[in-house]
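The values are calculated or read from the model by the stated rules, or taken from the named source; none is laboratory data. The shown structure was predicted, so the numbers you read here are calculated from the model rather than taken from an experiment. As a convention, Cβ positions derive from the backbone with ideal geometry for all residues, glycine included, and neighbour counts pool all protein chains shown. Only protein heavy atoms, including side chains, enter the accessible area calculation; ligands, DNA and RNA are left aside. Shrake-Rupley method; radii C 1.70, N 1.55, O 1.52, S 1.80 Å.
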Amino acid sequence: MNVQEFVNTKAKQLCFYLEAFWQGELPIEELELFFWDTMEEWGQISFTLTQPYTQQERVFWHLLHQVHYWNEEKLMQDKYLLDELKNCVKYLEGTGHCPLDCVGVRP
């Protein structure tokens, strides 16, 4: 699996998990497990430091890091954060514009 295949697969899963979390159908612990599983799988992807990022990859890493960084209450109730994260989800799902303020980087 290459970087783009990894990002494509994981971005879809991340969006699914986040939407389930926001609907109250997925506990925060499952979202955290997804984060750590993704990090473990990322460790098996071969890439070089000169490989360019796509906008999709930047948004994916930004969203993943935000989900891990903020606590459950903030992820559920902070209007500004929710707007930012939902814009990222829409973009990754192909229904929104690329958020210009995403600075996601590879771990």
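3J(HN,Hα) couplings calculated from phi for segment 79-96 with the Karplus curve 6.51 cos²θ - 1.76 cosθ + 1.60 (θ = phi - 60°) are, in sequence order, 4, 5, 5, 4, 4, 4, 5, 5, 5, 5, 4, 4, 5, 5, 7, x, 10, x Hz; Gly and Pro show x.
Peptides 76-82, 20-26, ordered by how many other C-beta atoms sit within 10 Å of their residues on average, highest first, read 20-26, 76-82.
Residues HIS97, HIS68, HIS62, ordered by accessible area of protein heavy atoms at a 1.4 angstrom probe radius and largest first, appear as HIS97, HIS68, HIS62. Placing +1 on the Cβ of every Lys and Arg and -1 on the Cβ of every Asp and Glu, with nothing else charged, gives the chain a dipole about its Cα centre of roughly 440 debye. Taking the charge dipole of the chain about its Cα centre, with +1 at Lys and Arg Cβ atoms and -1 at Asp and Glu Cβ atoms, the residue from TYR53, MET39, VAL7 reaching farthest to the positive side is TYR53. Accessible area per residue for segment 11-66 is 58 Å², calculated with a 1.4 Å probe on protein heavy atoms, without ligands, DNA or RNA. Helix-only arithmetic for the chain: the sum of -39500 (n - 2.57) across DSSP H runs with n ≥ 4, divided by the residue total, places the mean residue ellipticity at 222 nm at -21500 deg cm²/dmol. Available extension along the chain between HIS65 and LEU100 is 11.0 nm, counting 0.36 nm per residue and deducting the alpha carbon span.
Across segment 10-15, computed HN-Hα scalar couplings (Karplus, 6.51 cos²θ - 1.76 cosθ + 1.60, θ = phi - 60°) run 5, 5, 4, 5, 4, 4 Hz from first to last residue, x flagging Gly and Pro.
Only protein atoms count toward the accessible area here, which uses a 1.4 Å probe; on the chain, the carbon and sulfur part of that area reaches 53 percent.
Working from Cα pairs under 8 Å separated by at least six residues, relative contact order for segment 1-97 is 34 percent. Just checking my list (1) 68; (2) 51; (3) 55 against percent of Cα pairs over 16 Å apart computed from this structure; which label fits? The value computed from this structure is option (3).
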